[in-house]
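Written below as structure tokens is the structure these notes are about.
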Amino acid sequence: MLPHKALPHDFEEDIFINYSHVDNATIEEEELKGFVDKVHESLALRLTQLIGEEPKIWRDVLLEGTHQLKDMIVMRLSKTVFLVCVLSPSYVNSEWCRDELNWFYEWASKNIGIKINNRSRIFKVVKTPIGDPESDPFEGKGLCEELRKVLKDSLGYEFYEYVKPSGRLREFSKQFGKEYAQKHAIKVDDLAQDIVKFIMDQEFQKPKEKCVYLAETTTEFSNERNEIRRNLLQHGYTVLPDENLPFESGAFEEKVTEYLKRCTLSIHLVGSDHVTITRDEEESQQDFEDRRDKFELQYKLFAARVREQHKLAMTRGEKDPAYSRLVWMPIGLNQQEDDNENFLAYLQNDPAVQENAEILSGAKLEDLKTIIERKLHITWQQSSEDVKGKRVYLYCDMKDREAVAPLKALLQRRNHEVLLPFTDSGALVPHPENVELCDAILVFYGRFNTMEYKLSELRRINITRTARPLVAHGIYINGPETEHKKTVTTDYTLVMKNFGDFSEDSLKPFLDQLEGITSETA
């Protein structure tokens with residue numbers, strides 16, 4: 001896989017996957033491949049597609065280490081360019097995993113070094129969270145201080161997310177649905193492209209000419225930040241920071257300042273300083289409160305880091321008029337702390353902030369993309385995350401959740417994301433949250449006549465959302481048929497009636513409005 005003279009020394013192996021065998025176990029009996037099997041297979045295929053040559057990826061497939069096995073692994077590690085370690089609680093507690101990590105580090109340090117041009121040869125695949133971001137899970141585990149710092153600073157590829165509104169952990173596996181299988185594929189692609197960028201960058205000491213600082217943000221915008229990062233990388237930009245920023249304030253400021261000096265543009269995604277999560281039915285009140293407090297603490301921490309990065313970017317701009325900032329704040333940000341509320345007011349109202357900057361307040365993500373395209377003269381690449389289309393709030397009563405299933409399925413088949421007022425288990429989802437997130441609202445009139453309240457709410461929503469109006473809204477009236485349902489009519493919104501078996505044509509007026517289809521384009 002390695003091109004001629006890609007690295008200062010020749011290597012026989014490209015990548016070693018370092019993992020705990022527990023993390024490759026399959027949960028379902030009919031499942032033949034575990035998590036590590038899938039990462040290995042997908043990474044090999046994607047690297048082959050990107051480079052045109054099959055990579056040499058290997059790993060220890062035996063369950064127990066022996067003296068002979070150790071000698072063989074140490075020898076092969078000394079001839080390997082990159083280490084991909086699959087992090088999890090099991091990995092941290094595995095002496096054998098830590099030994100392999102140490103062996104790779106020792107050999108890498110003896111030849112070209114564990115880092116080249118400040119880029120680590122260790123790539124972290126984080127299967128399962130291994131502690132708070134500011135903590136060091138390897139402290140006291142037999143790793144030297146430098147190696148622990150390399151691990152902490154190295155950019156990680158998180159194969160999991162916390163699902164709103166419950167805050168529950170979901171790993172990227174097809175057992176949780178097609179969406180999570182897709183997210184797994186996206187993460188593998190990110191890993192493959194970063195490895196390729198490392199390999200193809202043959203002049204390691206050559207300064208990067210095209211650098212953009214993409215500021216760390218709160219977790220609510222991690223997907224949006226990752227999408228922007230991917231598109232910039234595809235256009236040849238170096239995106240900084242390319243490692244995890246330290247949590248100690250002095251080191252954090254020093255690192256951010258160093259990165260900003262290399263860039264002529266910084267992009268800042270500003271979010272909330274807290275998250276609302278719901279209690280699981282089987283969770284005790286104390287466990288829920290502990291989990292909620294942990295989430296709130298982490299959000300406050302990252303909100304503070306967002307503010308500090310912008311402050312340092314302002315300082316950077318004072319010294320270079322060619323440098324500019326791009327700040328994005330979506331509509332509906334809800335703050336709890338005075339620090340963040342004052343920060344938002346400062347961004348929106350202080351004239352000093354506007355100098356050499358574009359401030360997007362209450363804007364869509366598409367508006368941010370458009371300005372990035374204009375400033376950097378690039379064409380936005382559609383990512384696999386864009387296939388979701390619009391977010392549709394299917395506003396219905398709990399008793400009608402089975403009746404709305406055909407509508408939900410049709411919208412999802414057409415690549416739209418459907419928001420409901422409740423989860424599959426019946427837990428309520430906060431109505432304001434769905435209203436804030438959605439692009440369109442479809443009111444469902446089924447078993448109960450609650451139209452007076454829902455229509456009043458629909459009118460209020462479209463009046464208050466002047467900065468981001470709904471792209472579509474309507475009423476879908478379904479059986480059982482009643483005299484009131486037959487007479488429902490309004491000039492304010494679409495009214496669709498269907499008292500028989502569900503028909504896709506019955507939803508066509510709403511779909512046309514949602515997807516921008518007119519009589520000229522149909």
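Here are a few things to note about the model shown:
- Qualifying residue in the stretch 321-329 (condition: buried (at least 17 other Cβ atoms within 10 Å of the Cβ) and assigned to a helix (DSSP H, G or I)): no
- Enumeration of residues in the stretch 107-163 that are under 23 Å from the mean Cα position of the chain (by Cα), polar (S, T, N, Q) and surrounded by fewer than 15 Cβ atoms within 10 Å (Cβ to Cβ): 135
- Any chance residue 384 is modelled with pLDDT of 85 or more, under 24 Å from residue 229 (Cα atoms), among the polar types (S, T, N, Q) and out of contact with any Lys or Arg (no Cβ under 7 Å at 6 or more places or on another chain): no
- Total residues in the stretch 265-300, condition in a helix (DSSP H, G or I) and either in the same structural domain as residue 161 (by TED's automatic domain parsing) or surrounded by fewer than 16 Cβ atoms within 10 Å (Cβ to Cβ) (or both): 8
- For the stretch 186-196, the criterion of being charged (D, E, K, R) and in contact with an Asp or Glu (Cβ under 9 Å, 6 or more places away or on another chain) is satisfied by at least one residue.
- Evaluation of residue 398 against (1) assigned by TED's automatic domain parsing to the domain that holds residue 259; (2) over 30 Å from residue 259 (Cβ atoms) (one fails), failing number: (1)
- Within the option set 86, 92, being of a type in the set (A, V, I, L, M, F, W, C) and crowded, with 20+ Cβ neighbours inside 10 Å holds for one residue only, 86.
- Residues that are of a type in the set (A, V, I, L, M) and at pLDDT 85 or above were ranked within the stretch 433-469; the one that is surrounded by the most Cβ atoms within 10 Å (Cβ to Cβ) is 442.
- Considering the stretch 46-64, the residues that are surrounded by fewer than 17 Cβ atoms within 10 Å (Cβ to Cβ) and acidic (Asp, Glu) include one that is modelled with the highest pLDDT, namely 54.
- Any hit, the stretch 241-249, residues being among the hydroxyl-bearing types (Ser, Thr, Tyr) and assigned to a loop (DSSP other than H, G, I, E, B): no
- Filtered residues of the stretch 253-263 (kept if out of contact with any helix residue (DSSP H, G or I) (no Cβ under 7 Å at 6 or more places or on another chain) and surrounded by 17 or more Cβ atoms within 10 Å (Cβ to Cβ)): 255, 259, 263
- Matching residues in the stretch 392-417 - criterion: being touching a Phe, Trp or Tyr at 6+ places or on another chain (Cβ under 8 Å) and closer than 25 Å to residue 456 by Cα: 394, 395, 396, 397, 398, 399, 400, 401, 403, 404, 407
The values are calculated or read from the model by the stated rules, or taken from the named source; none is laboratory data. None of these values were measured; they are calculated from a predicted model. Neighbour counts run over all protein chains shown; Cβ positions are idealised from the backbone, glycine included.
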